[in-house]
Amino acid sequence: MPSHPLQRHPTALALAAFLLMAPTAIFIGLSFLTYQLGISGLAAAVDPVVNSITSSRFVDLFLLTAPFLAFAVAVLPLVSLRVERADGELRVTFAFRARRLNLAVLAISVLLGGFLAAHMLSEFLFEART
């Protein structure tokens, strides 16, 4: 039995979270194929898109925060916290529902967020050396 309204539709929230982080995943995938693996045919198509996306700070900010927002959207229907008083003492119950689709979206969002954090850190360290 759901303890809060978000637990009524965990599948819909998992799909919404996936759609929220899909642009970031596509951007990272295309950038990886183009710049890291050196697939030259994609470079002509990806370069103008990357330049237009990274010129706007709002789009850049969205791409960076999307995995973290998706994590929050996917985890909310899985977590419940109940505080009650029983036998004169305070009882706090924390429950975590393990739904496969939500857990898959959580794992993907953690991987994307970790990849972005590592990429930003490596760029910062390489810029600091030069």
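Each value in this text was obtained by applying a stated rule to the coordinates, not by laboratory testing. Since we're looking at a predicted model, the values are computed, not measured. Here Cβ is always computed from backbone atoms with ideal geometry, including for glycine, and neighbour counts include all displayed protein chains.
With r defined as the distance between the Cβ atoms of ALA118 and ALA95 and R0 fixed at 35 Å, what FRET efficiency is calculated, to the nearest 0.05?
Values: r = 32 Å, r/R0 = 0.92.
Efficiency for this residue pair is about 0.60.
At what distance in nm do the modelled label points of LEU15 and ALA86 sit from each other, each positioned 7 Å from its Cα along Cα→Cβ?
Result: 3.7 nm between the two label points.
Could you size up the charge dipole of the chain around its Cα centre, putting +1 on the beta carbon of Lys and Arg and -1 on that of Asp and Glu, and report it in debye to the nearest 20? Before the final figure, lay out the partial values.
Numbers: 9 positive and 7 negative charges, 97 e Å.
Here the chain has a charge dipole of around 460 debye.
For Cα Rg over 2.2 N^0.38 Å, several values are listed as (1) 1.41; (2) 1.00; (3) 1.22; flag the one computed from this structure.
Step by step, Cα Rg over 2.2 N^0.38 Å for this structure corresponds to label (1).
Suppose R0 equals 25 Å. What FRET efficiency, 1/(1 + (r/R0)^6) with r the Cβ-Cβ distance, do ALA22 and GLU127 give to the nearest 0.05? Mind dumping the intermediate values first?
Details: r = 29 Å, r/R0 = 1.17.
With a Förster radius of 25 Å, E is 0.30.
Rank-order 18-27, 91-100 by packing density, defined as the average count of other C-beta atoms within 10 Å over each peptide's residues, highest first.
Values: 18-27: 17.7, 91-100: 10.3.
My ranking of the peptides, most packed first, is 18-27, 91-100.
Between ALA104, ALA118, VAL49, whose Cα lies farthest towards the positive end of the dipole of region 7-129 when Lys and Arg beta carbons carry +1 and Asp and Glu beta carbons carry -1, centred on the Cα centre?
ALA104
Please get the size of the charge dipole for region 58-101, origin at its Cα centre, with Cβ charges of +1 on Lys and Arg and -1 on Asp and Glu, quoted in debye to the nearest 20. Display every interim value, and only then the final one.
Working: 6 positive and 4 negative charges, 49 e Å.
With Lys and Arg at +1 and Asp and Glu at -1, about 240 debye.
I need the phi-derived Karplus couplings for region 45-50: 6.51 cos²θ - 1.76 cosθ + 1.60, θ = phi - 60°, integer Hz, Gly and Pro marked x.
Going residue by residue, I get 8, 7, 4, x, 5, 4 Hz, with x marking Gly and Pro.
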